[in-house]
Structures are given as C-alpha cells and as structure tokens.
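Visitor: Below is one structure. I have some questions about it.
The values are calculated or read from the model by the stated rules, or taken from the named source; none is laboratory data. Keep in mind it's a predicted model, so treat the numbers as computed, not measured. Cβ coordinates were reconstructed from backbone atoms using ideal geometry, including for glycine residues, and neighbour counts include every protein chain displayed. Just the protein is used for accessible areas: all its heavy atoms, side chains included, with ligands, DNA and RNA removed. Shrake-Rupley method; radii C 1.70, N 1.55, O 1.52, S 1.80 Å.
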Amino acid sequence: QFRQHFPLICQHSLTDLSCEKHSPLIYFDNGATTQKPNCVIQTHTSFYQDINANVHRGSHRLSSQATVAFEQARETVKNFIHAKSIKEIIWTKGTTESINLIASSLGKKILTQSDEIILTVSEHHANIVPWQLIAEQTGAIVKVLPLDAVGKVDLIQLDTLLTNKTKIVCCAHISNVLGKKNPLIDIISKAKRVGAITVIDGAQAIAHFPVDVQALDCDFYVFSAHKMYGPTGVGVLYGKQALLESMPPYQTGGEMIKSVSFNTKTTFNVLPFKFEAGTPNIAGVIAFNQAIKFISQYDHGEIAEYEQLLTQYCYQALSQIPQVTFVVADMPDIPVLSFSVDGHHNHDLATSLDSYGIAVRSGHHCAMPLMAELNISGCVRVSMAAYNTLAEIDYFIACLLKIMNQEHDKPNIKITKTDEI
Ligand code: PMP
C-alpha cells in the first residue's frame, strides 16, 4: 500500500474521531511539498551515518562511494525523464534555482535590446521574476500570454504574440493554482517556428504525469525533488546538451573549473559539472534517487486513476456547496483545487481548517499576476497526493461546512479505510 510508507501522515491517520485525544492530520498541501516515504528518510540518514564524504574530489573509499551513489542518481533522473545524456541533467537547489540559472546564463548570452520573452499569466513567481530581472538588464521585453476560458494557455493568443523577436517562451506544464495541463506540444512547436527557446516549469506536473523531454522536444524542463516525495534542497535542470554547451557558467568556484591560473585564462569543466559550482546537496541527491525508485515501483496508470478519483470526488463535493466558487470552472487535471468561499477570507478558512487538523494553503500562491487576472486577492488551495483518501475528503467537507455554519464541534462522520491505495 502506498500510504503506509509515509510515517508522518500514518501517525495521524483519520481513524477514531470519537476519541478526544486523537488529532488527525489531513495533509492537503502537496502542491507546496509532499511528505517523504520511509525509504527516502532512511537513505538520507544513512548517507550521513555510513558514507558521508564529498563527491568528485577525494581518492579515498568513502568519497568514491559517495560519488558513485551521487552519479547513479543523475542516471536515474536521466532515465526518468527520458533525456539523451547525463550531461543534460544539472543538479540545482530546486525549480527556482534552475530557472534563475537559465535566465541568467542563457539570458545574458542571447538577449539584446527589444528581444521578447513570452510568459504565461499563470506562472509561479519563480518563472516570472528571473525573467523580469534579465529583461531589465538586457533591454528585452516581457510579453504576457493570457489563458483561455478553462485556464489553459490560449494558443490563438500565442500566435499573435510570437514574432521573430521572440527569443524565449516560458510556460508551466501545470499551474500550481489551476491544476490544468497546458498544451505543451503545441506551445513548443509554435515557439520553434519562430526559433524561440522553450523553458518548461514542471514543478507541479512531475509528480503526476510521466515526462518525456525528448518527445516534448522542449529545450529546458525544470522541477524540484521535494514535490515528488524527495527531499528539499534538490532540483533538476534538464537542458539540451548543445544549448548547455553554448551557455556561460552561472555560479563559479570549485568543481566547475578545468584549470585556474593567475597567468592564463581560467577554463571550465565539461557538462554537467560546468553548472555545479561548490559542494552539492549530496545526501539530498542520493535520497532523491530513492524517491524516484520508490514511485517507479507503482503502476503509473493505477496511481493516476486514483488521483483522478480524488480530484473528481473533491470537486463534486465542493461543487455542492453554493458559497464555493472555483477559480476556474473546469475540473483540474491533477488533484489541485483552488476556490473561494463567499463571506470567508481564504486565510481565515485555512486557519480554521488547521484547527481540525487539515493542512491547506491560502493566499496568492506565488502567482500574484494570476490573482490579479482572476480579480481575487487569494484563494484556498487543496492539493492532494496518492496517499490521501476519500475519507479525508469527507472529513474536510464536513469541517468546512462546520466552519461556514460557525459550529465548533467535531464532525460526526464514519471513517472507512477501504478506499486507500
Ligand atoms: N513553479 C511552480 C509551478 C511551483 O508550484 C513551484 C513551487 N510552489 C515553483 C515553481 C518553485 O519551486 P521551488 O520552491 O521548489 O523552487
């Protein structure tokens, strides 16, 4: 069973609501970060207990062991996203650092006055601000792509925005607020027609859908380990080898050089090390390898079907409440549901839900331009993972109704454990 591998949520499962002492944890904030399975926690700990050494440096046994495990993780990621070569997999701290690396390195290399960068209005700040800064520095212009009625990128508008000045097109695979899968194949092929480079933010998609970067034919695809059952502080930047070869280093220091001299020009290491200055998050990378192995044991179709069931069940239950308004009317493609409740501020709702042990996110979700577009200051977001259950959704809905009716007792619902996978 999937859920039993996650100690934090298992310790607080919804079992006996009549027990006064029982405080359940309903973790519905998986879009922010997922819980970690035992095998990931153990791998992380055992790195420090059994191997701890720096990578690519020492000739001693521990360093070789650490380097082998670290590089095996790169191979696992390469296979997981179907990249051509391990040279195309760069370790970063997370999605945010991956995008900053691309914007800074590629931006400085290719952007000049009045070149254009297209971003969608639903991007996370991590895929907006680095581009705004590089645009300021280079004189490039940021153009904003609107959404269609169901919350996906508007392909017709994309046609009107693309020009021969468009150098970069950035788009989330799935928005962290809307949960809708963008039509990447079309976006990427349209961008290519004008010779633009495509940067895909896969932070929300990677935990829910198989990703094949060669089939997508995107130039860059970035994501974070912590949103797919892995540790925090580890991210991936996939980039096509030829592009990465052509880009200048992002950060400099140890490990990313070939030779350093005060007399001749310093030269840089080969890919992927050219972009990995300093000591990386070795334990995190090795634990991330374990996270990918963990999810790869499960049948993807079965997990996706179960997540779809959670999405539909929650969507339908919320739809029954007349005061609930979803940010987009269409049902999301992943279990991410964002909504407002008439007469209740989103922060108050999140705080009240927390008093029942329900963790949701409220606010602008690092997507202020999208909030402005939707004409709201914020919303509540329920984001689920395959370890969540239908019973948790029942409990959440019952608690939400109690909050709306200003009742303060525990909801009286029957808990069944049969729906878990
Ligand atoms: N993009 C999207 C779509 C996200 O959901 C997030 C995380 N909320 C990020 C980027 C940033 O990820 P990280 O904080 O792991 O760098």
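Visitor: Out of L155, L216, L237, which single residue is modelled with pLDDT of 95 or more and over 30 Å from P280 (Cβ atoms)?
Guide: Of L155, L216, L237, the one residue that is modelled with pLDDT of 95 or more and over 30 Å from P280 (Cβ atoms) is L155.
Visitor: Which one of the conditions (1) surrounded by 21 or more Cβ atoms within 10 Å (Cβ to Cβ); (2) over 23 Å from D212 (Cβ atoms); (3) of a type in the set (D, E, K, R); (4) in contact with a Gly (Cβ under 9 Å, 6 or more places away or on another chain) does E88 fail to meet, given that it meets all the rest?
Guide: Only one criterion is unmet by E88, namely (2).
Visitor: Could you list all residues from the stretch 169-193 that are in a loop (DSSP other than H, G, I, E, B), farther than 11 Å from L155 by Cβ and more than 16 Å from the ligand (Cβ to nearest atom)?
Guide: Matches in the stretch 169-193: none.
Visitor: Also: Any residue at all in the stretch 171-181 that's touching a Pro at 6+ places or on another chain (Cβ under 7 Å) and within 30 Å of F70 (Cβ to Cβ)?
Guide: Scanning the stretch 171-181, I find no residue that is touching a Pro at 6+ places or on another chain (Cβ under 7 Å) and within 30 Å of F70 (Cβ to Cβ), so the answer is no.
Visitor: Out of (1) open to solvent by 30 Å² or more (accessible area, probe 1.4 Å); (2) part of a helix (DSSP H, G or I), what's the single condition that is false for I376?
Guide: I376 satisfies every listed condition except (2).
Visitor: Go through the stretch 106-127 and report how many residues are surrounded by fewer than 21 Cβ atoms within 10 Å (Cβ to Cβ) and within 22 Å of the chain's Cα centre (by Cα).
Guide: Total meeting the criteria: 2.
Visitor: If you take the residues of the stretch 339-355 that are open to solvent by less than 50 Å² (accessible area, probe 1.4 Å) and part of a strand (DSSP E or B), which of them is farthest from the ligand (Cβ to nearest atom)?
Guide: Filtering the stretch 339-355 for residues that are open to solvent by less than 50 Å² (accessible area, probe 1.4 Å) and part of a strand (DSSP E or B), the one farthest from the ligand (Cβ to nearest atom) comes out as V341.
Visitor: Right, next: Name the residue that is nearest to the ligand (Cβ to nearest atom), counting only residues in the stretch 139-151 that are part of a strand (DSSP E or B), within 22 Å of G202 (Cα to Cα) and open to solvent by 10 Å² or more (accessible area, probe 1.4 Å).
Guide: Taking the candidates together, the pick is L147.
Visitor: Then there's this: It is to be established whether one or more residues within the stretch 58-65 are open to solvent by less than 20 Å² (accessible area, probe 1.4 Å) and in contact with a helix residue (DSSP H, G or I) (Cβ under 8 Å, 6 or more places away or on another chain).
Guide: no
Visitor: Yes or no: G278 in contact (Cβ under 8 Å) with a residue 12 or more places away in the chain and part of a loop (DSSP other than H, G, I, E, B)?
Guide: For G278, the condition - in contact (Cβ under 8 Å) with a residue 12 or more places away in the chain and part of a loop (DSSP other than H, G, I, E, B) - is met.
Visitor: Do we have any residue at all in the stretch 42-53 that's more than 16 Å from the ligand (Cβ to nearest atom), part of a loop (DSSP other than H, G, I, E, B), open to solvent by 30 Å² or more (accessible area, probe 1.4 Å) and not hydrophobic (A, V, I, L, M, F, W, C)?
Guide: Yes: the stretch 42-53 contains one or more residues that are more than 16 Å from the ligand (Cβ to nearest atom), part of a loop (DSSP other than H, G, I, E, B), open to solvent by 30 Å² or more (accessible area, probe 1.4 Å) and not hydrophobic (A, V, I, L, M, F, W, C).
Visitor: Another one. Yes or no: the stretch 33-40 includes at least one residue that is exposed (fewer than 13 other Cβ atoms within 10 Å of the Cβ) and either more than 16 Å from the ligand (Cβ to nearest atom) or modelled with pLDDT of 95 or more (or both).
Guide: The answer is no, given that none of the residues of the stretch 33-40 is exposed (fewer than 13 other Cβ atoms within 10 Å of the Cβ) and either more than 16 Å from the ligand (Cβ to nearest atom) or modelled with pLDDT of 95 or more (or both).
Visitor: Oh, and also: Among residues belonging to the stretch 230-269 that are of a type in the set (A, V, I, L, M, F, W, C) and in contact with an Asp or Glu (Cβ under 9 Å, 6 or more places away or on another chain), point out the one that is nearest to the ligand (Cβ to nearest atom).
Guide: L237
Visitor: Ok, one more. So, of the residues in the stretch 254-294 that are closer than 24 Å to H44 by Cβ and open to solvent by 50 Å² or more (accessible area, probe 1.4 Å), which turns out to be farthest from the chain's Cα centre (by Cα)?
Guide: Here the residue is T279.
Visitor: Quick one: what pairs do we get from the stretch 245-265, first residue over 20 Å from S105 (Cβ atoms), second surrounded by fewer than 16 Cβ atoms within 10 Å (Cβ to Cβ) and of a type outside the set (A, V, I, L, M, F, W, C), C-beta under 7 Å, 6+ apart or different chains?
Guide: Short answer, once both residue conditions are applied: S259/T266; S259/T267.
Visitor: Of all residues in the stretch 356-373, which are closer than 20 Å to A205 by Cβ and either part of a loop (DSSP other than H, G, I, E, B) or open to solvent by less than 50 Å² (accessible area, probe 1.4 Å) (or both)?
Guide: H365, C366, A367, L370
Visitor: Okay, moving on. What's the number of the only condition in (1) of a type in the set (S, T, N, Q); (2) without any contact (Cβ under 8 Å) to a residue 40 or more places away in the chain; (3) not in a loop (DSSP other than H, G, I, E, B) that Q290 fails to meet?
Guide: Against the list (1) of a type in the set (S, T, N, Q); (2) without any contact (Cβ under 8 Å) to a residue 40 or more places away in the chain; (3) not in a loop (DSSP other than H, G, I, E, B), Q290 comes up short only on (2).
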